[in-house]
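The values are calculated or read from the model by the stated rules, or taken from the named source; none is laboratory data. Keep in mind that what you see is a predicted model, and the values were worked out from it rather than measured. Using ideal geometry, Cβ is built from the backbone for each residue, glycine included, and neighbour counts are taken over all protein chains shown.
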């Protein structure tokens, strides 16, 4: 089965540094997402992306964060000036469709990037 | 506001036992979507099911079954004859129509012992 690929699997950075988390969604998918999971806590929505623009973002996704699809295959999450509380597992997801009866809205998640901010 | 509550933090069963994971949700929307995801020890999130609020028919997929009760705002998940490979964290989730944001519960960690 095709899968969403995330790199790196672990990222350690110093507070105040910028990081870029990379994702390769499934090739025929059109909708892309970032979620995060702070250790032991619930999975939180960050942002969704469709047709080269943000379709929805959460209150967490402030000016510190940005997303980009720089080419036809990659989908990136940039975190500027990282803070200790940004330490979390970041999941990329993609879906072929969105919603509607019969539309394939199944989200495929990557294995995540564990970000540690020191 | 939307909210998903999974009151069971951890459940431990012995292999071949049946186990039910509870999920209660809150929403003001008249239509919505409910989901269950599995997070095995390897860490990825695996989609299990999506249920539309207008379809209250219960669903069975192999050893998995889901009981959707709109009257009690519950969407419970039962694993029949549990196996060690079922050990994982299971998340119930909710999304409103027209939105992209999926709201997850806190998860239930299931331990299945041999």
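I'm trying to understand the selection: among the residues of the stretch A:28-59, which are without any contact (Cβ under 8 Å) to a residue 60 or more places away in the chain and not in a strand (DSSP E or B)? Those that are without any contact (Cβ under 8 Å) to a residue 60 or more places away in the chain and not in a strand (DSSP E or B): A:38, A:39, A:40, A:41, A:42, A:51, A:52, A:58, A:59.
How many of the residues in the stretch B:52-102 are without any contact (Cβ under 8 Å) to a residue 60 or more places away in the chain, away from chain A (no Cβ under 14 Å), in a strand (DSSP E or B) and surrounded by 12 or more Cβ atoms within 10 Å (Cβ to Cβ)? Qualifying residue count for the region: 11.
Regarding residue B:106, is this residue assigned to a loop (DSSP other than H, G, I, E, B), within 13 Å of residue B:4 (Cα to Cα) and at the interface with another protein chain (Cβ under 10 Å from one of its Cβ atoms)? When the stated conditions are applied, residue B:106 passes them.
Residues that are surrounded by fewer than 16 Cβ atoms within 10 Å (Cβ to Cβ) and within 14 Å of chain A (Cβ to nearest Cβ) within the stretch B:27-45 comprise B:29, B:31, B:40, B:41, B:42, listed in sequence order.
Taking the criterion of being modelled with pLDDT of 95 or more, away from chain B (no Cβ under 11 Å), crowded, with 21+ Cβ neighbours inside 10 Å and in contact with a strand residue (DSSP E or B) (Cβ under 7 Å, 6 or more places away or on another chain), would at least one residue in the stretch A:23-30 satisfy it? Within the stretch A:23-30, one or more residues are modelled with pLDDT of 95 or more, away from chain B (no Cβ under 11 Å), crowded, with 21+ Cβ neighbours inside 10 Å and in contact with a strand residue (DSSP E or B) (Cβ under 7 Å, 6 or more places away or on another chain). Where residues in the stretch A:68-117 are on the phi > 0 side of the Ramachandran plot and within 12 Å of chain B (Cβ to nearest Cβ), which of them is modelled with the highest pLDDT? Among them, the one singled out is A:112.
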